[in-house]
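One structure below.
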Amino acid sequence: EASQSLRGKHVLISAGPTQEALDPVRYITNHSSGKQGYAIARAALACGADVTLVTGPTKLADIQGVTMIKVTSACDMFEAMKSQYDWADYVIMAAAVSDYRPEVVFDQKMKNKDENITFRFVKNPDILEYLGAHKTHQIICGFAMETENLDQNARHKLETKNCDMLIANNLFTKGAGFNTETNVVTLLTRKENIHLPKLTKEELGYKILEVLQNLEKEQKHV
Ligand code: C5P
């Protein structure tokens, strides 16, 4: 698989969850393990690319040979992705970014004296949408995890976020989703839906990179 087909290319990948602080000891997050994003980074490295991985907090080991940028919140991830965007040829947004963050982050640990508490959340920046809107030469790929109307919702995201490819996975499919070693996905491009069988996250990493390279070649010919 190590074909060196990405030699000279810069691949920017995001992975993992984000953590949104409530106070110095508490945060909200999600079940993302980071495995899919890290697997894509390893595949890109094996294909000879210069790889930068912007990662939220995960249990995974750093990848030797990949530039690791560690972030915590969605806002941190947004800044890191913007700072790396200009030189990227391929951008793969595999991170499960928290859509909201608490409006107020307390400086001190919150007291637990009240029977009920209410939080207000504000919307985080949509990183992928921003990158799509500011695309110059990059080939951009997002992920969509859906629990219903998968293909329709995913195609809508492909268009609204100005992506070249969107990878749709159904949380309720066996062998797909959070913390598994495998994934069952559909690759959506502007012109087709590619349904893939169950693959390891590593195999899927190679497949994603192969399809993105084909899209880039096609774009150069039009
Ligand atoms: O809209 P939804 O969150 O399902 O879109 C998923 C895609 O958008 C993923 O690629 C995810 O990384 C990206 N995203 C983002 N910033 C957000 C929310 C999602 O980049 N605030």
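Every number here is computed from the coordinates shown, using simple stated rules; none is lab data. Quantities reported herein were computed from a predicted structural model and do not represent experimental measurements. Virtual Cβ from ideal backbone geometry, glycine too; neighbours counted across all protein chains shown.
Key figures for this structure:
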item: Enclosed volume per residue, in Å³, of the convex hull spanned by Cα atoms of the chain; result: 136
item: Gaussian network model of the chain, Cα within-10 Å springs - most flexible of Leu45, Leu12, Leu22; result: Leu22
item: For His137, net neighbour charge (Lys/Arg +1, Asp/Glu -1) across residues whose Cβ lies under 10 Å away; result: -2
item: Low-density loop cleavage sites - trypsin sites (Lys or Arg not before Pro) in region 1-57, where at most 15 other Cβ are within 10 Å (DSSP); result: Arg7
item: Qualifying trypsin sites (Lys or Arg not before Pro) in region 162-198, DSSP loop, other Cβ atoms within 10 Å at most 14; result: Lys174, Arg190, Lys191
item: The chain: relative contact order in percent, alpha carbon pairs under 8 Å with at least 6 residues between; result: 20
item: Cβ-defined net charge surrounding Thr18, 13 Å radius [Lys, Arg +1; Asp, Glu -1]; result: -3
item: Most fluctuating residue given options Gly56, Gly175, Gly142, as computed from a GNM of the chain linking Cα atoms under 10 Å; result: Gly175
item: Distance from region 104-134 to region 61-96 (C-alpha centre basis), Å; result: 21
item: Extended-chain gain in nm, criterion 0.36 nm per residue less alpha-carbon gap, Met110 and His134; result: 4.7 nm
item: Loop sites in region 116-222: GluC sites (Glu not before Pro), DSSP, at most 12 other Cβ within 10 Å; result: Glu148, Glu181, Glu192
item: Under 30 Å from Lys109, Cα to Cα: lysines that are on another chain or at least 8 residues apart; result: Lys59, Lys70, Lys123
item: Summed side-chain charge close to Pro125 - residues other than Pro125 whose Cβ falls under 12 Å, Lys, Arg +1, Asp, Glu -1; result: -2
item: Taking Cys141, Cys47 and counting other C-beta atoms within 10 Å, the order from fewest to most; result: Cys47, Cys141
item: Long-range tail of P(r) for region 7-110 (Cα pairs > 16 Å, %); result: 56
item: Within a Gaussian network of the chain (alpha carbon springs, distance under 10 Å), most fluctuating of Ser33, Ser98, Ser83; result: Ser83
